[in-house]
Structure formats: C-alpha cells, structure tokens
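Let me begin by presenting the structure, written as structure tokens, before commenting on it.
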Amino acid sequence: MYNAENYIGNCIESLLQQNLAEQDYEIIIMDDGSSDNSITIVRNYAERFNNIRLYTEANAGAYSTRNKLLKLAKGDYIYNLDSDDYIIHNSLGNLLKIAQEKKLDIIGFKTKETLLLDQTKLNESIEDCKIKISTGREFVSDNRNLRHEIWWYFIRKDFIENNKMSFNNNEYNADVIFTLEALLEANKVGYMPIQIHRYVQTPNSLMRSSKFDILVKRISYFQMMILNKSKLINEVKSKYAPNEDRLISNLMYRRDIFTFFNILNLCRNPFSVKYIKRHIESYKTVDAYPLYNFIGKEYNTIIYRTLIFIVNRPFLIYPVLRLKNSFIKPKL
C-alpha cells in the first residue's frame, strides 16, 4: 500500500464482506511509506477486526514488500490484491472450498476493469460456474492472451515454498515472472470464467503516469521484464521443445507484444537514438529481437503490419529518430 487513502477502505471492505469466518482468514497489509491518511484508515480497521494486521516500512519497493508478505502469510492459500482494487462480496469461501477439495496449486478467475468502487455483486452464481482443471503448462498453452498479474489467482503457500518462489527485483513487473514460473511448475490449476476481481482504473497509477522520470523507470523495468521473460522462454525451449510448441509460441507472442510497445514508447518520447539503440541491442542478446511472433489474428492489420516491418529494421528507425531529435531535443 502506498498513498491509497481513496481506495484502501473500499479494498478492505470487500475483503471483510466474505463468506468466511473471521478466524479462518487473515488480511495482511504492508504500508510502503505512505504520506497520506492510508495508515490511519487501516489502523482503524485493525482495531475492530482481529484478522487484519498492518506492517510498515519506508519505500522498500513493491517486490520487497511482496516477498515480505509471502513470508508473513500463515494461510494455506495466498491471494495478492492491490490496495486500489477490490473483489466481489461473498466469494472467498466458495473459491477456497473448491481449491481445497480439488487440491489445486492455483485457482484463477476473471477480472473486470472499472472506474467504480461499488461493483461488488455477481450476475451469476459461483456454484453454477464450471471450473476447468489442467496442468499449468496446459493452461499457458490454451491461453494465448494470458494475464501476468498476480490478482487473478490464489496460490497454495506450500507450493510457493516447495518451489522456492519469490518476486524478482522489478518494481513494476515482478508479477510477470512469478506468475509464469508458478504456472510452469503447477500440476493442478483450476480456472473459473467468472469476474471475481475488480481492476480499478485509477488516474494516478504509475503505469499510466505521463511524467518523464516515471516513464523512464517504467520503460527500464519493462526492458528488465522482457529480458527476464526471454531467458525463461529460452530455458523452456531447451527443456520442452518440440513437445510444447504451442506453449512456447504463446510465451513468445506475449513477450513480443511487450517488446513491440516498449520500442514504440521509446520512439515516440524524447529519447536519443543512442538510448533506443541500447535497448534494442539488449533484446538481441536474448533472441527477443527482431520480433517474429507479434503479428497474429489480434494485430493482423495494415497499420500493425507496417509498424512491425519498420520496428524490425533499425536502418529505417534510426534516420527518422535522428530527424525527430533535430526538432525535439532528447531528454535522455
């Protein structure tokens, strides 16, 4: 939690309005140096509910905070929820029961993007929703547009411990590698196509900020994630190819989407050719560039085919960027 006074109360309320006894689950909140009223709000809840625990630290960063939360958690299953998001009421009990009865490593569900904070009810019953069970690798193979965030699934605590899992030091995208490593190791994943999670589109999100210093960090962390994901893909290739071609293809497709849009972000913002070239060269070292897996049915348009043609040919990019830099001075 960081400066979430407008959202943290709603998030906690959604976790309290559940079909579980208070003694059967815990709500652990780590504040990362908030300067607003967030801590006061949480403390007020913690004084009234015995299953809420608040910890504080000073700007340790998201990945460090998440690793500490993993160690603090005592439950059989762990769910990571961002402080500005929330979940539907009376859903945790159903999901936990299914996960325990079927002995799942991971149980996942859909999300709904929203600007509203009161979308707490479902239009369908969880009991009537059919769950699909597969291995983690089968799940990746069957889901080309797999989400990488950590708020669309519960994960078994001893599964994390047995596989020595933790979040890497990527402030923005540590959940990408964590999620993929979990799925690649999971023997039993259950997925329910029902919208349990509410992904609140906050205007001040770091992922949507236009401030240049934050933009630089975001692009750099995306670069780190792309490099880490590419190394993971190369490991998967050496371990499973050619028996898992669809799995590998889906991993490379999502990786190429990240790479494509990160390069576009670099090109349309005030970065020097030297800086952009350094990024592109780094992608080459892990076989993430040129991009061969981006164009599929999702991006098979004239605009994207033209853009990928240009992006894959630095000799076309760099002269245009140099011309742009002669009119717009690079900031980096």
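Each value in this text was obtained by applying a stated rule to the coordinates, not by laboratory testing. Predicted, not measured: the structure shown is a model, and the values here were computed from it. FYI the Cβ positions are ideal-geometry reconstructions off the backbone, even for glycines, and counts take in every protein chain you see.
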Quick check: pseudo-label points 7 Å beyond the Cα along Cα→Cβ at Glu101 and Met165, how many nm apart are they? 2.4
Two-site label geometry, Glu113 and Asn325: point separation in nm, points 7 Å out along Cα→Cβ: 3.3
Where only C-alpha atoms are counted, convex hull volume of segment 43-169 per residue in Å³: 161
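Between Ser35 and Lys239, how high is the FRET efficiency from 1/(1 + (r/R0)^6) when r is the Cβ-Cβ distance and R₀ = 35 Å? Nearest 0.05. Walk me through the intermediate numbers first.
On the way: r = 46 Å, r/R0 = 1.32.
FRET efficiency, Ser35 to Lys239: 0.15.
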Theoretical FRET efficiency, 1/(1+(r/R0)^6), r = Cβ-Cβ of Glu298 and Asn265, R0 22 Å, to 0.05: 0.70
Descending semi-axes in whole angstrom, ellipsoid equivalent of segment 212-327, from the Cα gyration tensor: 26, 17, 12
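If each residue's Cβ is checked for other Cβ atoms within 10 Å, how do Thr114, Thr65, Thr306 rank with the fewest at the top?
Ranking Thr114, Thr65, Thr306 by Cβ neighbours within 10 Å, fewest first, gives Thr306, Thr114, Thr65.
Output the peptides 168-175, 210-217 sorted from most to least packed, where packing is the average of other Cβ atoms within 10 Å over each peptide's residues.
Details: 168-175: 19.5, 210-217: 12.9.
In descending order of packing, they fall as 168-175, 210-217.
Phe309 to Lys277: extension gain in nm, 0.36 nm per residue of separation minus the Cα-Cα distance?
Details: separation 32, 0.36 × 32 = 11.52 nm, distance 1.69 nm.
Here the segment from Phe309 to Lys277 would lengthen by 9.8 nm.
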Each label sits 7 Å from Cα toward the beta-carbon; between Leu316 and Ile214 the label points are separated, in nm, by 3.4
Tensor-based shape of segment 123-257 (alpha-carbon gyration tensor, a/c under 1.5 rounded, otherwise prolate or oblate): oblate
Kyte-Doolittle mean at least 0.0, axial Cα span of 27 Å or more - DSSP H helices of the chain: 212-240, 245-268
What whole-number distance in Å separates the alpha-carbon centres of segment 124-138 and segment 42-97? 24
When Ile257, Ile27 are ranked with the fewest other C-beta atoms within 10 Å first, the list becomes Ile257, Ile27
Calculate the FRET efficiency for Cys129 and Asp76 from the Cβ-Cβ distance with a Förster distance of 30 Å, rounded to the nearest 0.05. 0.85
Signed unit charges on C-beta, dipole axis of the chain, positive-most listed residue Leu247, Thr120, Leu95: Leu247
Given charges at beta-carbon only (K, R positive; D, E negative), |dipole| of the chain in Debye: 1740
What 222 nm value per residue comes from the helices of the chain, counting each DSSP H run with n ≥ 4 as -39,500 (n - 2.57) and dividing by all residues, nearest 500 deg cm²/dmol? -15000 deg cm²/dmol
Excluding residues fewer than 8 places away in the same chain, name every one of the lysines whose C-alpha is closer than 17 Å to that of Lys164. Lys68, Lys71, Lys74
